[in-house]
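**Q** My questions will all concern the structure given below.
The values are calculated or read from the model by the stated rules, or taken from the named source; none is laboratory data. Because the structure is predicted, anything quoted here is derived from the model rather than measured. Cβ atoms come from the backbone with ideal geometry, glycine included; neighbour counts cover every protein chain shown.
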Amino acid sequence: MSAVSVEFKGVSKRFGNRSVLAAVSGTLQRGRVLVVAGPNGAGKSTLLNILAGLLRPSRGEVVYRDGDAPLARTHWFEHLGMAAPDMAVYEELSALENLRFFARLRGLHLEDPTLQELLDGLGLPPREHTRTVGTYSSGMRQRVKLAQAILHEPPVLLLDEPSSNLDEAGHGVVADLVARFRELAAVAVATNDPREMTWADARIDLAL
Amino acid sequence: MTKTRLRAVLQWALGVWFVLVILAAFFYAPSASGFKGESARIVFFHVPQAWVAVLAFCVNLVASLRYLRTRNPIDDARAAAAARLGLVFSLLATVTGSLFANVMWNSFWNWDPREVSIVILLLIYAAYFALREAIPDEERRGSLSAAYAVLAFVTMPFLVFVVPRIYWSLHPDTIIGATGQLKLQMESRMLQVLLGSLVGFTGLFSWLYTLEVRLARARLARRGREEV
Amino acid sequence: MRASTLLSESLAVLGKELTAELRSRVALNAVGLFGLTTLIAVAYQIGPYRIQEQDRPHLLAALLWVILFFAATSGLSRVFVKEEDAHTAKTLRLAARPLAVFAGKFLFNLILLAALYAFIVPLYCALMGYAVQGVASLALLLACGAVALSATSTMVAAIISRASGSTTLFAILSVPLVLPLLVMLIQGTRAAAGSTTIAAVLPALQGVVSLGGATLVISVYLFPVVWHD
């Protein structure tokens, strides 16, 4: 896995006349977890969306670097894994079919056992792997979403409220996941959960 | 001469020019043979209106393409301004054409290919604004409506050239020639007035267009000041 | 490296669409039932004998396309609208290249249209007593028409899925773009019904193919913009 870093400078975002983010700066790099904290509506998700290249900032810039070479915006997504409350997986497909689909889109040839291992690791029992996601509980869906985000072992991992809908065990799974990816990838976590704040190597507090 | 002075002079010149064109259309140009009564005189207003509707469509395309490249909000404002004027002028061209059709063929509407073309142009403009109203985010509004404008432009050549060729048309041949059965020979004085009117309407379009763009620029500038 | 897998990625999107559609059958039901209902209404009210002999070529061709177009409108916008509604659009946006998404969705809509045409056109001919001389030319025209309509509606679906009030907008935005196509297709169908030679439908066919081709080419350039903003 190559070391991709993400630097953002003076990022602001307005929706019409409403200012959501005002001049936020920071860096994502391997070995450090950046926690983005703040109350609901402070712009945590907006910041993560901008970092993912899904939204353009009104002001400021985001730069992806692979080593020293800057990456074009159209290639960011190849280096990126993301899970967020508004990023669902397909309800008509099973967990396994979802992962097969996303693996194929990313040009990965992963065998079913590998994918099942991944789902197991995130705490989705094997008997659920082939049922359609539409029949899942919200916690089980969250695990599939997380699996989708880390499927390709991305060098940049953005997690927006990763423990939402998860029980105590689920929270532990996310904590393990963040600990593992801290060594592998540049990680950003947007959260309100005080327990998750403790993962921070760096922290951005957004205010309303 | 300052910019404001120049503008004032040009506006006055445009006003005088239009008075001359209107007078010439009724008193200088002879009446055309092969048409009922004086109905052919509407050509001096109808054709320039249709021309401006198409010109506005082209300006909209150029501004849209520029917006997709630069993402400068003023280009989006340009595209919207051109479309607004295009909507007005295609409405005018439709109404004047329809009046003429009623005099000539006793029916306001005949589903002639040219009529269909202008109606589709109207529909495209209407759809363009319906789309704009449905997108609250400004940047997304700009890029999606620009994309729609470009997509719509692709169908234009088919409306103007292909469909009238497949179908038989009542419309007198003017500038764009598909082979209709009524060959219109322009007498030279008529041609002078028509060209004069074309210049006048193009001037009117550029005046209104610049006004809209200046207004949009002022709005953007004010918002920029509020942001800082 | 990734260029070689564009086809595989497009097929992955198509496969996902087909699997999901076969399980939910929402688009299939909408398009099929809409088509069938209008066909039955038209056939019952007009039937083979209510139309004067001299009006048959015009009216039968036009009615056929009215049925086909409105049936398709009810289903084609779903390819993108459902991704936004189910919140899967963002996931897909981050996982796939825009071109693969467009190609997959375009192919899905094409298959949907082909299924609709294969289902409705023979039924229509039987119920309305529509004797088509040039069956091969009509098939060719239907195929080219499906490609052009699928290209336009896939693009419009992508545009409206990001605006509010999507479903009504789809009709408003697609009608002016599709009208020239429909005019040419109706004209071509009339020609195909009256003559066995391909030459009869050629003018319409050329128009349809070039408009469809132009739309496809421009879509390749425009789609990434629409998809990512």
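**Q** Can you tell me how many residues in the range B:15-37 are under 18 Å from B:Gln192 (Cβ atoms) and either surrounded by 15 or more Cβ atoms within 10 Å (Cβ to Cβ) or within 25 Å of the chain's Cα centre (by Cα) (or both)?
**A** Adding up the residues that qualify gives 13.
**Q** Among the numbered criteria (1) closer than 19 Å to B:Arg132 by Cα; (2) of a type outside the set (Val, Ile, Thr); (3) more than 8 Å from chain B (Cβ to nearest Cβ); (4) within 16 Å of the chain's Cα centre (by Cα), which one does C:Leu173 miss?
**A** Tallying (1) closer than 19 Å to B:Arg132 by Cα; (2) of a type outside the set (Val, Ile, Thr); (3) more than 8 Å from chain B (Cβ to nearest Cβ); (4) within 16 Å of the chain's Cα centre (by Cα), C:Leu173 fails exactly one: (3).
**Q** I've got another one for you. Based on what the data block shows, is C:Thr5 free of Cβ contacts under 8 Å to residues at least 40 places away in the same chain and crowded, with 16+ Cβ neighbours inside 10 Å? So that I can check it myself, show each step before the final result.
**A** Details: free of Cβ contacts under 8 Å to residues at least 40 places away in the same chain: yes; crowded, with 16+ Cβ neighbours inside 10 Å: yes.
The answer is yes for C:Thr5.
**Q** Let me spell it out: the conditions are (1) under 30 Å from B:Ala146 (Cα atoms); (2) loosely packed, with under 15 Cβ neighbours inside 10 Å, and B:Trp109 meets all of them except one. Which number is the exception?
**A** Against the list (1) under 30 Å from B:Ala146 (Cα atoms); (2) loosely packed, with under 15 Cβ neighbours inside 10 Å, B:Trp109 comes up short only on (1).
**Q** All but one of (1) within 13 Å of chain C (Cβ to nearest Cβ); (2) more than 17 Å from the chain's Cα centre (by Cα); (3) not polar (S, T, N, Q) hold for A:Val156; state the number of the condition that does not hold.
**A** Evaluating A:Val156 over (1) within 13 Å of chain C (Cβ to nearest Cβ); (2) more than 17 Å from the chain's Cα centre (by Cα); (3) not polar (S, T, N, Q) leaves (2) as the failure.
**Q** Can you tell which of C:Ala20, C:Ala61 is aliphatic (A, V, I, L, M) and either free of Cβ contacts under 8 Å to residues at least 12 places away in the same chain or closer than 28 Å to C:Val220 by Cα (or both)?
**A** C:Ala20
**Q** Got a number for residues in the range B:103-123 being more than 10 Å from B:Ser90 (Cα to Cα), more than 8 Å from every other protein chain (Cβ to nearest Cβ) and in contact (Cβ under 8 Å) with a residue 12 or more places away in the chain?
**A** Total satisfying the criteria: 9.
This table checks each residue for (1) over 17 Å from the mean Cα position of the chain (by Cα); (2) within 30 Å of A:Arg14 (Cβ to Cβ); (3) within 13 Å of chain C (Cβ to nearest Cβ).
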{"site": "A:Leu48", "(1), (2), (3)": "no, yes, yes"}
{"site": "A:Leu71", "(1), (2), (3)": "yes, yes, no"}
{"site": "A:Asp86", "(1), (2), (3)": "no, yes, yes"}
{"site": "A:Ala95", "(1), (2), (3)": "yes, no, no"}
{"site": "A:Asp112", "(1), (2), (3)": "yes, no, no"}
{"site": "A:Pro126", "(1), (2), (3)": "yes, no, no"}
{"site": "A:Thr132", "(1), (2), (3)": "yes, no, yes"}
{"site": "A:Gly139", "(1), (2), (3)": "no, no, no"}
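To keep it simple, each residue is scored yes or no on (1) in contact with a Phe, Trp or Tyr (Cβ under 7 Å, 6 or more places away or on another chain); (2) modelled with pLDDT of 90 or more; (3) polar (S, T, N, Q).
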position: C:Ile159; (1), (2), (3): yes, yes, no
position: C:Arg162; (1), (2), (3): no, no, no
position: C:Ile186; (1), (2), (3): yes, yes, no
position: C:Ser195; (1), (2), (3): no, no, yes
position: C:Gln206; (1), (2), (3): no, yes, yes
position: C:Phe223; (1), (2), (3): yes, yes, no
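**Q** Of these, B:Phe35, B:Phe44, which one is modelled with pLDDT under 90 and outside any helix (DSSP H, G or I)?
**A** On the way: B:Phe44 fails: outside any helix (DSSP H, G or I).
After ruling out the rest, the residue left standing is B:Phe35.
**Q** Go through the range B:124-161 and report how many residues are in a helix (DSSP H, G or I), within 12 Å of C:Arg162 (Cα to Cα), within 8 Å of chain C (Cβ to nearest Cβ) and small (Gly, Ala, Ser).
**A** Total meeting the criteria: 1.
**Q** Taking the range A:97-117 as the region of interest, how many residues are of a type outside the set (Asp, Glu) and buried (at least 19 other Cβ atoms within 10 Å of the Cβ)?
**A** The first filter runs over the range A:97-117 and keeps only residues of a type outside the set (Asp, Glu), leaving A:98-110, A:113-116.
From what is left, the residues that are buried (at least 19 other Cβ atoms within 10 Å of the Cβ) are A:98-106, A:115.
So the count comes out to 10.
**Q** On to the next question. Please name all residue pairs, on different chains or six or more residues apart, with Cβ atoms under 6 Å, provided the first residue is in the range A:101-112 and is touching a residue at least 24 places away in the same chain (Cβ under 8 Å) and the second residue is of a type in the set (Gly, Ala, Ser).
**A** Partner pairs satisfying both residue conditions: A:Phe102/C:Ala95; A:Leu110/A:Ala103.
Okay, residues lined up against (1) within 21 Å of C:Thr19 (Cα to Cα); (2) in contact with a Gly (Cβ under 8 Å, 6 or more places away or on another chain); (3) surrounded by fewer than 21 Cβ atoms within 10 Å (Cβ to Cβ); (4) away from chain A (no Cβ under 13 Å):
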site: C:Ile51; (1), (2), (3), (4): no, no, yes, yes
site: C:Leu68; (1), (2), (3), (4): no, yes, no, yes
site: C:Ser74; (1), (2), (3), (4): yes, no, yes, yes
site: C:His87; (1), (2), (3), (4): yes, no, yes, no
site: C:Arg97; (1), (2), (3), (4): yes, no, no, no
site: C:Lys105; (1), (2), (3), (4): yes, no, no, yes
site: C:Phe108; (1), (2), (3), (4): yes, no, no, yes
site: C:Leu112; (1), (2), (3), (4): yes, yes, no, yes
site: C:Leu116; (1), (2), (3), (4): yes, yes, no, yes
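**Q** Filter the range A:121-133 for residues that are hydrophobic (A, V, I, L, M, F, W, C) and outside any helix (DSSP H, G or I); which is nearest to A:Ala83 (Cα to Cα)? Step through it out loud before you land on a result.
**A** Step one: of the range A:121-133, the residues hydrophobic (A, V, I, L, M, F, W, C) are A:122, A:124, A:133.
Still in the running and outside any helix (DSSP H, G or I): A:122, A:124.
Values: A:Leu122: 14, A:Leu124: 16 Å.
Once the filter is applied, the top-ranked residue is A:Leu122.
**Q** Considering only residues that are hydroxyl-bearing (Ser, Thr, Tyr) and buried (at least 17 other Cβ atoms within 10 Å of the Cβ), look in the range A:38-91 and name the one that is farthest from B:Glu139 (Cα to Cα).
**A** In the first step, residues of the range A:38-91 are kept if they are hydroxyl-bearing (Ser, Thr, Tyr); the result is A:45-46, A:58, A:64, A:74, A:90.
Applying the additional criterion that residues be buried (at least 17 other Cβ atoms within 10 Å of the Cβ) yields A:45-46, A:58, A:64, A:90.
Details: A:Ser45: 18, A:Thr46: 15, A:Ser58: 9, A:Tyr64: 23, A:Tyr90: 29 Å.
Across the range A:38-91, the extreme among qualifying residues is A:Tyr90.
**Q** Hey, can you tell me all the residues within the range C:192-217 that are at the interface with chain B (Cβ under 10 Å from one of its Cβ atoms), small (Gly, Ala, Ser) and either crowded, with 23+ Cβ neighbours inside 10 Å or on the phi > 0 side of the Ramachandran plot (or both)?
**A** Selection gives C:Ala204, C:Gly207.
**Q** Taking strands (runs of 3 or more DSSP E) that fall entirely within the range A:134-208, which contain at least 2 residues that are crowded, with 24+ Cβ neighbours inside 10 Å? Can you show your working first?
**A** On the way: elements: A:156-160, A:186-191, A:202-205.
By residue number, A:156-160, A:186-191.
**Q** So, one more: Tell me, which strands (runs of 3 or more DSSP E) wholly within the range A:1-120 include 3 or more residues that are among the β-branched types (Val, Ile, Thr)?
**A** It comes to A:4-15, A:18-28, A:33-37.
**Q** Of C:Leu149, C:Leu140, which residue is away from chain B (no Cβ under 14 Å) and within 18 Å of the chain's Cα centre (by Cα)?
**A** Values: C:Leu149 fails: away from chain B (no Cβ under 14 Å).
Testing whether each residue is away from chain B (no Cβ under 14 Å) and within 18 Å of the chain's Cα centre (by Cα) leaves just C:Leu140.
**Q** Also: Which residue is farthest from C:Phe70 (Cα to Cα), if the candidates are limited to the range C:16-50 and must be under 19 Å from the mean Cα position of the chain (by Cα) and among the small types (Gly, Ala, Ser)? First the steps, then the outcome.
**A** In the first step, residues of the range C:16-50 are kept if they are under 19 Å from the mean Cα position of the chain (by Cα); the result is C:17-18, C:21-22, C:25-39.
Imposing the further condition that a residue be among the small types (Gly, Ala, Ser) reduces the set to C:27, C:30, C:32, C:35.
On the way: C:Ala27: 13, C:Ala30: 11, C:Gly32: 11, C:Gly35: 8 Å.
Applying the filter and picking the extreme gives C:Ala27.
**Q** Also, quick follow-up: Confirm whether B:Val95 is more than 10 Å from the chain's Cα centre (by Cα) and within 19 Å of B:Phe18 (Cβ to Cβ).
**A** Working: more than 10 Å from the chain's Cα centre (by Cα): yes; within 19 Å of B:Phe18 (Cβ to Cβ): yes.
Yes.
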